[in-house]
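Report on the structure given below.
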Amino acid sequence: MSKKSQATFVLCLMAIGFVCTYPLNSFWGNLLNHGFLAALIGGLADWFAVTALFRKPLGFISYRTEILPRNRERIMDEIVSFIGRDLLNPQYIISNLKNYDMAVMVVDYANNLGGRGKLKFAVRELVLQVISTLDTEKIGKSLAVALKSRRKNFNIARILIQFMHTFIQTPAGDKFIDNMIKLVRSLAPDLIKTDFIANLIDHNIEIIRHEYTKDKSMRELMFDMVDLSGRNLTHKLLDFIDAYCDKLLDYDSPERQRLMNFLTAKIELLGRRDGYKQKVAQLEHYFFVKKFDFTDNLIVLIDNFCQNEQNKNELLAMVDKFIDNLLDDLAQSKTKQQQLNSWFMEKLSRFIQDNSQWVLDYLKGELLKYSKEDFVKLVESRVGDDLQMIRINGSVVGAFAGMGLFILSFIVERLCNL
């Protein structure tokens, strides 16, 4: 028998007891009658109070009733505000992230989960697409003008920076950026759906649930309402990445403009670094002094390079070697792992802080999906039994209070000879 049925049974029992003891005119009969009456009144009062939380008592008493349905939005706002301050506080999340080694995750994905091969395949496809979309005529003419005017003070490092600035503004540059975005989009699901990430999310959700709820019904209710399961969070994260990539691929979106501004700023920063200038100087010496005797026919030279299969294969082999060296170096170097972890933490911390309001808006949207009826059912299913115990306790306490008052009045009457 459910708690609600038990509470109703107790209330009916008190009503029957009151009716059956009403004709009795003895001390014990009056004592029981007063006890049953007080229990009936207490039970009815608590039934009205508990029912008024969820719906109209008797179906029509509307004054100050239906408290939860009428205040649904305000309650949702308070829940979101509470969760934002308590559970999803950015500093709390960031402090937990510091316990995990992101670099180990990357190395494990690359070496044990097929990530190395997937990364090579994606980058090779990207390189081939970029080569096929290069505006060789425009690039060749720009380089030819620069090379024709070459003097001792010719600054090829500056020319390369100018070239990169120009390149990202061309259709080929847009294509290159689009392919990079698509590369991230294609790799993200594989990475996020790995057992490492799934176990990481599930493990942390269980820790947070245990530490956060501490057997408190209201906090457990909040967890159930927002569905913070690992599967749901993974699904929502993939949806977020997919939607964000769509915005980045939209040339008119603010997100795309911010990305272009970011790339422009990074290119300018690269141009000011001494290490970059030294590397370019070494390459300039290699190409200009040791290798090539440039002519005005750079367009043909670039076209031939892009169309030559051997050149493509050598370039792709260099890409594979670069990726292998990069991942092997990361796996062996604790210093680089620490640097990668620091970079991850900096970016994740900034992302979490910048998007904390988005998370709260998402939670509110999830909560508002509950209709008034669903909201009432959910709350009632979580705390309904406790509320029904109030009804039972009200009847029991009322019975003792009624009998106590009867005994008190009986003693007073006898002492006063009434």
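The values are calculated or read from the model by the stated rules, or taken from the named source; none is laboratory data. The structure displayed is predicted, hence computed values, not measured ones. Quick reminder, even Gly has a Cβ in these numbers, built from the backbone with ideal geometry, and neighbours come from all protein chains shown. Calculation scope for accessible area: heavy atoms of the full protein, side chains included, ligands and nucleic acids excluded. Shrake-Rupley method; radii C 1.70, N 1.55, O 1.52, S 1.80 Å.
Below, the figures for the structure above:
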| read-out | value |
| --- | --- |
| Of all residues making up the range 24-56, the number that are over 22 Å from residue 71 (Cα atoms) and either buried (at least 19 other Cβ atoms within 10 Å of the Cβ) or out of contact with any Gly (no Cβ under 8 Å at 6 or more places or on another chain) (or both) | 20 |
| Matching entry among 318, 389 (being over 33 Å from the mean Cα position of the chain (by Cα) and within 27 Å of residue 75 (Cα to Cα)) | 389 |
| Some residue of the range 391-405 being assigned to a helix (DSSP H, G or I), touching a residue at least 12 places away in the same chain (Cβ under 8 Å) and under 30 Å from residue 243 (Cβ atoms) | no |
| Filter result for residue 297 (modelled with pLDDT of 70 or more and of a type outside the set (D, E, K, R)) | no |
| The range 307-342: number of residues that are free of Cβ contacts under 8 Å to residues at least 60 places away in the same chain, under 29 Å from residue 102 (Cβ atoms) and either open to solvent by 90 Å² or more (accessible area, probe 1.4 Å) or not in a helix (DSSP H, G or I) (or both) | 8 |
| Residue list for the range 102-115, restricted to those being crowded, with 19+ Cβ neighbours inside 10 Å and farther than 13 Å from residue 340 by Cβ | 115 |
| Residue that is most open to solvent (accessible area, probe 1.4 Å), among those in the range 230-247 that are modelled with pLDDT under 85 and of a type in the set (D, E, K, R) | 231 |
| Any hit, the range 11-22, residues being open to solvent by less than 30 Å² (accessible area, probe 1.4 Å) and in contact (Cβ under 8 Å) with a residue 40 or more places away in the chain | yes |
| The range 343-394 - residue that is open to solvent by 70 Å² or more (accessible area, probe 1.4 Å) and polar (S, T, N, Q) and, of those, farthest from residue 41 (Cα to Cα) | 353 |
| Subset of the range 57-79 that is touching a Lys or Arg at 6+ places or on another chain (Cβ under 8 Å), in contact (Cβ under 8 Å) with a residue 12 or more places away in the chain and not aliphatic (A, V, I, L, M) - its residue that is surrounded by the fewest Cβ atoms within 10 Å (Cβ to Cβ) | 77 |
